[in-house]
Amino acid sequence: APCITACPTSIDIPLFIREISTDNPLGAAETIFEQNILGGMCARVCPTEVLCEQACVRNTKEDKPVEIGLLQRHATDAYFAKPGAPLFKRAPASGRTVAVVGGGPAGLSCAHRLAMLGHAVVLFDAKAKLGGLNEYGIASYKTTGGFAQKEVDWLLAIGGIEVRCHQRL
């Protein structure tokens with residue numbers, strides 16, 4: 001689908017829309033998070049109108065594109081509103097340790113995927129809090145209620161990620 005190609009994280013957009021349409025927003029959230037662990041923040045700040053929505057097959061003179069960003073936010077917010085077991089689990093320990101430099105979106109995503117694979121991770125960041133652009137660079141009205149930090153805490157809950165803030169390398 002053209003919308004998947006236009007998505008920087010290649011989320012299976014038709015699948016998560018189908019899951020929402022069958023009253024399965026938690027399944028839709030899982031589809032999103034499997035491809036983009038920070039899908040909740042992306043649903044708030046991604047310029048979907050110039051990416052996936054612009055590529056939407058329904059974007060014609062007669063029809064408007066599917067509001068993909070709003071649907072993504074609906075699914076991810078539904079997941080975060082329902083307390084429960086973590087979505088992802090760590091594999092058995094691999095015996096390897098990996099250093100990740102930078103606790104912004106890329107570093108956090110990398111650390112989480114490495115932890116899923118069973119590696120121990122040491123995440124270094126120069127700032128007092130993790131999150132990078134999500135924490136320090138996005139207008140607060142887009143990420144109310146400390147959403148960036150809640151998403152970081154959720155991401156770290158997988159375990160196996162040691163955080164070292166105030167560590168400039």
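The values are calculated or read from the model by the stated rules, or taken from the named source; none is laboratory data. Everything numeric here is computed off the predicted structure, so don't read it as measured data. Ideal geometry is used to build each Cβ from the backbone, glycine not excepted, and the neighbour counts take in all protein chains shown. Heavy atoms of the whole protein, side chains included, go into the accessibility calculation; ligands, DNA and RNA do not. Shrake-Rupley method; radii C 1.70, N 1.55, O 1.52, S 1.80 Å.
Name every residue in region 24-36 that is within 13 Å of Leu71 (Cβ to Cβ) and either open to solvent by 70 Å² or more (accessible area, probe 1.4 Å) or within 10 Å of the chain's Cα centre (by Cα) (or both), in order of residue number.
The answer is Ala29, Ile32.
Working carefully through the options Glu67, Glu62, find the one that is open to solvent by 40 Å² or more (accessible area, probe 1.4 Å) and closer than 18 Å to Asn24 by Cα. Break it down into steps so the answer makes sense when it comes.
Values: Glu62 fails: closer than 18 Å to Asn24 by Cα.
Unique residue meeting the criteria: Glu67.
Among helices (runs of 4 or more DSSP H) lying entirely in region 1-77, which contain 1 or more residues that are basic (Lys, Arg)? Walk me through it before giving the result.
Numbers: elements: 2-6, 13-21, 25-35, 39-45, 52-55.
Here the list reads 13-21, 39-45.
Find the residue count for region 37-55, including only residues that are open to solvent by less than 20 Å² (accessible area, probe 1.4 Å) and under 9 Å from the mean Cα position of the chain (by Cα).
Number of matching residues: 6.
Within region 150-169, work out how many residues are aliphatic (A, V, I, L, M), touching a helix residue (DSSP H, G or I) at 6+ places or on another chain (Cβ under 7 Å) and part of a helix (DSSP H, G or I).
Looking only at that region, the number is 2.
For residues that are surrounded by fewer than 16 Cβ atoms within 10 Å (Cβ to Cβ) and over 15 Å from Ile37 (Cβ atoms), tally how many sit in region 1-14.
So the count comes out to 4.
Taking region 94-128 as the search range and keeping residues that are without any contact (Cβ under 8 Å) to a residue 40 or more places away in the chain, part of a loop (DSSP other than H, G, I, E, B) and farther than 13 Å from Leu155 by Cβ, which one is farthest from the chain's Cα centre (by Cα)?
By that ranking, first place goes to Gly95.
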